[in-house]
1. Determine the pairs where a residue that is in contact (Cβ under 8 Å) with a residue 40 or more places away in the chain, located within the range A:206-220, has a partner that is buried (at least 16 other Cβ atoms within 10 Å of the Cβ) and of a type in the set (D, E) with Cβ atoms under 9 Å apart, the partner being 6 or more residues away or on another chain.
2. Being among the aromatic types (F, W, Y) and surrounded by fewer than 24 Cβ atoms within 10 Å (Cβ to Cβ) is true for just one of A:F47, A:F39. Which residue is that?
3. Can you name the residue in the range A:276-290 that is out of contact with any Phe, Trp or Tyr (no Cβ under 7 Å at 6 or more places or on another chain) and without any contact (Cβ under 8 Å) to a residue 40 or more places away in the chain and is also nearest to the other protein chains (Cβ to nearest Cβ) among such residues?
4. Spot the failing condition for B:C52; the list is (1) within 12 Å of chain A (Cβ to nearest Cβ); (2) under 30 Å from B:D125 (Cα atoms); (3) within 15 Å of the chain's Cα centre (by Cα); (4) not in a loop (DSSP other than H, G, I, E, B), and only one is missed.
5. Among the candidates B:Y147, B:Y181, single out the residue that is of a type outside the set (A, V, I, L, M) and out of contact with any Gly (no Cβ under 9 Å at 6 or more places or on another chain).
6. Just checking, how many residues over the range A:291-310 are of a type outside the set (A, V, I, L, M, F, W, C), within 21 Å of A:E271 (Cα to Cα) and assigned to a loop (DSSP other than H, G, I, E, B)?
7. Among the candidates B:R105, B:R43, which residue alone is more than 7 Å from chain A (Cβ to nearest Cβ), surrounded by fewer than 17 Cβ atoms within 10 Å (Cβ to Cβ) and among the basic types (K, R)?
8. Just to confirm my filter: which helices (runs of 4 or more DSSP H) fall fully inside the range A:1-90 and include at least 3 residues that are facing chain B (nearest Cβ under 9 Å), out of contact with any His (no Cβ under 6 Å at 6 or more places or on another chain) and of a type outside the set (S, T, N, Q)?
Amino acid sequence: MSKSENFRRIAIDPVSRVEGHGKITLLLDADNHVQEARFHIVEFRGFEKFIQGRPYEEVPYFVQRLCGICPVSHHLGAGKAVDQLVGVDALTPTATKLRRLLHFGQTLQSHALHFFHLSSPDLLFGFGSNPQQRNIVGIIEAYPDLALKGVKLRKFGQQVIAAIAGKRIHGAAALPGGMNKPLGEDERRQLLAGIDEIIGWCGEAVTLNEKIHLEHPENQRFAKMDSNFLSMVAADGALEIYHGGLRARKSDGSTIFDHLDYRKYFEVIREEVRPWSYMKFPYLTALGRETGWYRVGPLSRVNNCDFINTPLAETARQRFKAYANGGLVQDTLAYHWARMIEALHCAESIKQLLSDPEITGTDLIVHGERQQEGIGVIEAPRGTLFHHYRIDEQGLIEKANLIVSTTSNNQAMNESVRAVANSYLDGQEITEGLLNHLEVAVRAYDPCLSCATHALGKMPLQVELIDDSGSVVDRLSKSSYGEIERAI
Amino acid sequence: MSKTAPKLRIATTSLAGCFGCHMSFLDMDERLIPLLEHIAFDRSPLTDIKHCGPCDVGIIEGGLCNADNVHVLKEFRENCRILIAVGACAINGGVPAMRNHFSLRECLEESYLDGLGVDNPVIPDDAELPLLLNKVHPVHEAVQIDYFLPGCPPPADAFVEVLTALIEGREPSLPKNMLRYD
């Protein structure tokens, strides 16, 4: 980074209105030309290490605490891996349906949160609008009806989760080979009573996002780039978020692999480490490190699937595909449109499942024979999520590997930040409004970073933790090798 | 609650946490809307205010796992009249503190050197990355905390009661069912 000393550094720290923390850094020369633009993930947890030695049945309960926004996705991803550890290939019909219902509730609440609470201020007020108003409180004041629907959509998704998992966040649902408790008839009836209104509001959200995208050519061009796409699809090619095979497509629409058994994920994906981010950079092995990066999440899923198996969402998908004349939609801000199509699909699917007599069944557990390795993959709201565990003879975790959804979008988010920096900021007087454009590019991906950062200027090489009486509890220093030493 | 009284200014942050406490805060659902007549947000993941200004209340989710967490916590303590630690991670370290059973080096090596499918094995060490603490600490080890709200996460009802009490200028009163430890 010695060359960087000649450049002016600007940091957006923390990136706000995202779930978790990251920061964006820009290096500008004397004429404000962008020399470098990066999106750093400053989180490090060490989960793969500290889970070692724990009993496998605890894993779904730990991993949901990696993320309070999509705990159900981690819970079910790990739960599917644990099913394999106990030698269960197929759950009972009721357990499968309960898990699907739980996951639709999760995806609905997460998608609603992302549009209404986090991103709608950019899309409705403008990317460079007043930062004091550019938040959910501003939306509640300016668009009270829309905001209330958003709050209630998220609430409904959370209520579906609470009915199945016992509480809205970090509940108890998946057990090895099945589910913890049945859905009560009262709960089923209460949720079903509100569902038509929920479907209606999701339809309105699709229309609003479609309109915003189609009426703003600058949104269509914003951070647009050709990328590969990865997602799960059902055996018949339908959009699928709970269980299916993996489909990867090149930016020209050609197939890289299709209906791939996800237990072979490590044959098709590798992860590059770069020293400036704690988040790795995955790529498709077949295409290599330079061109093998890909996007995941709603844009990828709606692009990749052949159809959606609920009628209103399928109609919305056809309009989405028609916009790109049947080809892949590569507009980064079309993530928002695709996300609301999925929210509509979730609401329709929740109605179908709640209307299924088997949903209140009580046959919930299947037993099998213990295996050494389990791989669970699910489509989390933000994209394909991989959980992989190996256990020893005692049933204790020996090795764990996770690729979380946002990790797969790491390169794409960096490409988007660079594209926006070059087209909007290069050579300009940098203003708060222009800097928000970079965050708008990141927000499109709905990244989930779940940690914190805060630093302006150079990082200190020594840090002290001092208690409230003024005595030093911990003092750490960083060597030039990057090694961290405790000084006391 | 008088509508003419100045609004209570609230800042929130998530340090080494999972954002679940912030989600539980949002689980107040539409009950949040009338509260907005009495409260205003300063720095928070929900706003674009990047630094905490003078505030009445600071809400801290998550413990301390790196130098940035410590800086943010101190910024909050310096600016907030009342500081509230919410959730298992802020109060006890929580799941992130499970790494305290291992050395930091072991954790970094497992993720970046020995992981499955890792290409270019190297431990990230760029100057833009915050210095990691050897151990994860609860927030009260670094600053004075005025209230502790337990739970993983604390229930939305507990947030409603605490905010309502502070708006009304009384001590919060939390019945047993709002004091959660799961």
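The values are calculated or read from the model by the stated rules, or taken from the named source; none is laboratory data. Keep in mind the model is a prediction, meaning the values are calculated, not measured. Here Cβ is always computed from backbone atoms with ideal geometry, including for glycine, and neighbour counts include all displayed protein chains.
1. A:H213/A:D331; A:N219/A:D331; A:Q220/A:D331
2. The conditions single out A:F47.
3. Among residues in the range A:276-290 that are out of contact with any Phe, Trp or Tyr (no Cβ under 7 Å at 6 or more places or on another chain) and without any contact (Cβ under 8 Å) to a residue 40 or more places away in the chain, the one nearest to the other protein chains (Cβ to nearest Cβ) is A:T285.
4. Every listed condition holds for B:C52 apart from (4).
5. None of the others qualify; the one that does is B:Y147.
6. 2
7. B:R105
8. Those helices (runs of 4 or more DSSP H) span A:47-50.
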